[in-house]
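Colleague: Could you have a look at this structure, given as structure tokens, before my questions?
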Amino acid sequence: MKISKFEMDLQQRLEIIRSQGLYRQLREVESAQGVRIRVEGQELLNFSSNDYLGLANHPLVKEAAEKALRDFGAGSGASRLVCGSLAPHHELERALADFKGTEAALVFSSGYACALGTITALLGKGDVIAIDKLAHASIIDAARLSGATLRVFAHNDPNDLKDVLKWAGKKSARVLVVTESVFSMDGDLAPLREIVELKDKYGAWLMLDEAHATGLFGQNRRGLAEAFELADRIEIQMGTLGKALGSSGGYIVGSKSLIEFLINRARSFIFSTAPPPSVSTAATAAIRIIQSDEGERLRSHLWARVDQLKNGLIGGPFKSQVVQSPIIPLIVGDETRAVDLAAELRSRGFFIPAIRYPAVARSQARLRLTVSSAHSAADLLHLVATLGTLPS
Ligand SMILES: *Cc1c(COP(=O)(O)O)cnc(C)c1O
């Protein structure tokens with residue numbers, strides 16, 4: 001059979017990906033998301049989900065979604081600005097603003113769409129965007145698409161950021177600093193106080209991505225900005241509803257004018273069908289749980305498990321950095337070795353995928369472990385014992 005040029009081109013490119021140990025494939029999960037999942041017929045203990053508080057399967061969250069499905073249907077029918085701005089979206093935005101203690105909130109269909117729409121709305125040609133070297137792909141893509149001048153500062157390095165801000169200050173343009181509060185692939189925390197001081201000193205704005213901090217940090221579990229008592233000095237706070245909030249979608253919280261501006265200018269908000277109402281209602285229910293005493297119980301249980309793993313890893317085969325969050329990368333380095341280790345772990349009943357380029361830098365491949373409040377102490381003991389016997 002003759003292969004078309006198109007097919008040939010694709011196959012050659014796939015071969016290159018394979019030869020670099022970077023080939024990826026989907027694995028079908030046949031169960032609900034959780035600590036125990038069934039993957040291609042095999043029961044596995046899952047240490048890879050971002051459902052940190054186990055809310056994706058919480059009975060109250062599911063019940064709320066079911067009710068919204070019955071009352072509001074499966075789809076929203078149109079974009080928010082046409083006729084898709086349903087009561088569940090507005091209720092979620094009120095709940096988010098109340099939870100985060102801001103004037104207003106706006107929901108997007110994903111965190112990715114949220115970064116893209118917000119950054120391209122705020123900045124254009126002639127402006128400057130300064131992002132952390134390890135910022136999420138959604139932020140990098142948004143920065144590129146915006147047309148602003150992109151400057152990358154060394155990871156969590158305020159001195160390098162200062163040089164960028166000094167340089168940018170000479171250009172009389174808008175300057176936006178973007179960073180994550182808890183880094184998605186390394187689990188470390190941004191030096192928020194220094195960053196806020198610097199952006200104020202140099203007249204820049206800050207957009208903080210709290211994707212992996214919401215629900216976990218701060219007195220009211222709002223995120224790292226609350227923990228550092230800096231929330232009211234940050235112009236734009238972003239996050240996702242798809243991680244600790246157990247649902248799906250992205251959000252911005254901030255001033256009324258910010259939200260009003262995004263409704264008028266964020267293209268990924270304007271030109272996209274509103275999120276399914278049941279998904280927004282699930283997120284609202286999750287926020288209410290996080291705000292309740294149960295939210296605090298879930299969080300303390302999670303941190304107890306994180307401590308257990310942290311202590312268990314001491315003296316083990318993996319050098320692990322300071323543990324500051326439920327994201328604990330075991331750095332392997334070589335891509336193929338990381339894939340082999342992930343396969344070995346799978347054969348022993350664990351689901352911990354290898355994370356490789358382009359999710360992380362080349363030769364920084366890792367097993368990215370995440371802990372959930374739904375893990376038991378016994379789950380962690382089992383993991384630590386297994387990690388100790390991996391072939392080196
Ligand atoms: C997951 C993630 C996003 C994207 O959010 P989605 O809702 O999954 O699209 C954005 N930023 C960071 C830091 C993330 O980890």
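Colleague: Expressed as cubic angstrom per residue, what is the convex hull volume of the alpha carbon set of the range 159-209?
Modeller: Details: hull volume 3.8 nm³, N = 51.
Expressed per residue, the convex hull around the Cα atoms of the range 159-209 is 74 Å³.
Colleague: Enumerate by residue number the trypsin sites (Lys or Arg not before Pro) in the range 119-218 meeting two conditions: DSSP loop (anything except H, G, I, E, B), and at most 10 other Cβ atoms within 10 Å of the site's Cβ.
Modeller: In loop regions of the range 119-218 (DSSP not H, G, I, E or B), the sparsely surrounded trypsin sites (Lys or Arg not before Pro) are Lys125, Lys170.
Colleague: Starting from the alpha-carbon convex hull of the chain, give the projected area averaged over all orientations, in nm².
Modeller: Across all orientations, the chain yields a mean hull projection of 21.6 nm².
Colleague: A further question on this structure: How far is it, in nm, from the label point at Glu260 to the one at Lys170 when both lie 7 Å from their Cα along the line to the Cβ?
Modeller: 3.8
Colleague: For Lys125, which lysines qualify as cross-link partners when the Cα separation must be under 27 Å and same-chain residues fewer than eight apart are set aside?
Modeller: Correct list for Lys125: Lys133, Lys162, Lys166, Lys170, Lys171, Lys199, Lys201, Lys256.
Colleague: Related question: Give me the one-decimal Kirkwood hydrodynamic radius in Å for the range 288-392, with the sum taken over alpha-carbon pairs.
Modeller: 14.6
Colleague: Let me ask something else about it. What per residue convex hull volume, in Å³, comes out for the range 59-291 when only alpha-carbon positions are used?
Modeller: Per residue, the Cα convex hull of the range 59-291 comes to 103 Å³.
Colleague: Lys and Arg at +1, Asp and Glu at -1: add these up for the other residues within a Cβ distance under 11 Å of Arg366 and post the number.
Modeller: With Lys, Arg at +1 and Asp, Glu at -1, the neighbours total 0.
Colleague: Ignoring any ligand, DNA or RNA, what whole percent of the accessible area of the range 59-291 comes from carbon and sulfur when the probe is 1.4 angstrom? Before the final figure, lay out the partial values.
Modeller: Working: 4760 of 9330 Å².
Of the solvent-accessible surface of the range 59-291, carbon and sulfur hold 51 percent.
Colleague: Once the whole set of protein chains is in place, how much accessible area is left on Met207, using a 1.4 Å probe, in Å² to the nearest 10?
Modeller: That residue has around 0 Å² of solvent-accessible surface.
Colleague: Taking Cα centroids, how far is the range 58-104 from the range 303-343 in Å?
Modeller: Cα centres, the range 58-104 to the range 303-343: 37 Å.
Colleague: Relative to the present Cα-Cα distance, how much length would full extension add between Gln25 and Asp340 at 0.36 nm per residue of separation?
Modeller: Answer, rounded to one decimal: 112.0 nm.
Colleague: Now for a different question. I'd like the antiparallel share, as a percent to the nearest 5, of DSSP beta bridges with both residues in the chain. The partial results should precede the final answer.
Modeller: Values: 24 of 43 bridges.
That works out to approximately 55 percent antiparallel.
Colleague: Something else now. Which of the peptides 51-58, 227-234 is most tightly packed, and how do the rest follow, going by the mean number of other Cβ atoms within 10 Å of each residue? All intermediate terms of the calculation are to be shown ahead of the outcome.
Modeller: On the way: 51-58: 23.0, 227-234: 17.0.
Result, highest mean first: 51-58, 227-234.
Colleague: Continuing with this model, one more query. Highest first, please rank the peptides 334-346, 107-119 by the mean number of other Cβ atoms sitting within 10 Å of their residues.
Modeller: Details: 334-346: 17.8, 107-119: 24.5.
Top to bottom by mean Cβ count within 10 Å: 107-119, 334-346.
Colleague: I would also like to ask the following. Going Cα to Cα from Lys310, which lysines come in below 16 Å? Please leave out same-chain ones fewer than 8 positions away.
Modeller: The qualifying lysines are Lys319.
Colleague: Could you give the spread of the C-alpha atoms of the range 1-128 along their three principal axes, from largest to smallest, in whole angstroms?
Modeller: 57, 51, 31
Colleague: Mind checking the range 9-78 for GluC sites (Glu not before Pro) that DSSP puts in a loop (not H, G, I, E or B) and that have at most 12 other Cβ atoms within 10 Å?
Modeller: Glu28, Glu30, Glu40
Colleague: Now, a different point. Roughly how many Å is it from the Cα centre of the range 206-255 to that of the range 266-295, as a whole number?
Modeller: Cα centroid to Cα centroid, the span is 14 Å.
Colleague: Can you pull the accessible area of Trp167 for me, 1.4 Å probe, Å² to the nearest 10?
Modeller: The accessible area of Trp167 comes to roughly 90 Å².
Colleague: While we're here: Debye calculation, C-alpha points only, no solvent: report log10 I(q)/I(0) for the range 216-346 at q = 0.09 Å⁻¹, in the same order as the q values.
Modeller: Log10 I(q)/I(0), no solvent term: -0.42.
Colleague: How much of the DSSP bridge set in the range 59-291 is antiparallel, in percent, rounded to the nearest 5?
Modeller: 40
Colleague: Further, regarding this structure: In the full protein assembly as shown, how much of Asp163 is accessible to a 1.4 Å probe, in Å² to the nearest 10?
Modeller: 90
Colleague: What 222 nm value per residue comes from the helices of the chain, counting each DSSP H run with n ≥ 4 as -39,500 (n - 2.57) and dividing by all residues, nearest 500 deg cm²/dmol?
Modeller: -13000 deg cm²/dmol
Colleague: Can you order the peptides 177-185, 86-94, 374-382 by their average number of other Cβ atoms within 10 Å per residue, highest first?
Modeller: By packing density, highest mean first, the sequence is 177-185, 86-94, 374-382.
Colleague: Could you work out Rg/(2.2 N^0.38 Å) for the range 172-280, with Rg from alpha carbons only?
Modeller: Working: Rg = 14.6 Å, N = 109, 2.2 N^0.38 = 13.1 Å.
Its radius of gyration relative to the 2.2 N^0.38 Å reference: 1.12.
Colleague: Once the Cβ-Cβ distance between Gln12 and Val39 is put in as r, and R0 is 41 Å, what FRET efficiency do you end up with, to the nearest 0.05?
Modeller: 0.85
The values are calculated or read from the model by the stated rules, or taken from the named source; none is laboratory data. Remember, it's a predicted structure, so these values are computed and weren't measured experimentally. As a convention, Cβ positions derive from the backbone with ideal geometry for all residues, glycine included, and neighbour counts pool all protein chains shown. Just so you know, the surface numbers come from the protein's heavy atoms only, side chains and all, with ligands and any DNA or RNA stripped out. Shrake-Rupley method; radii C 1.70, N 1.55, O 1.52, S 1.80 Å.
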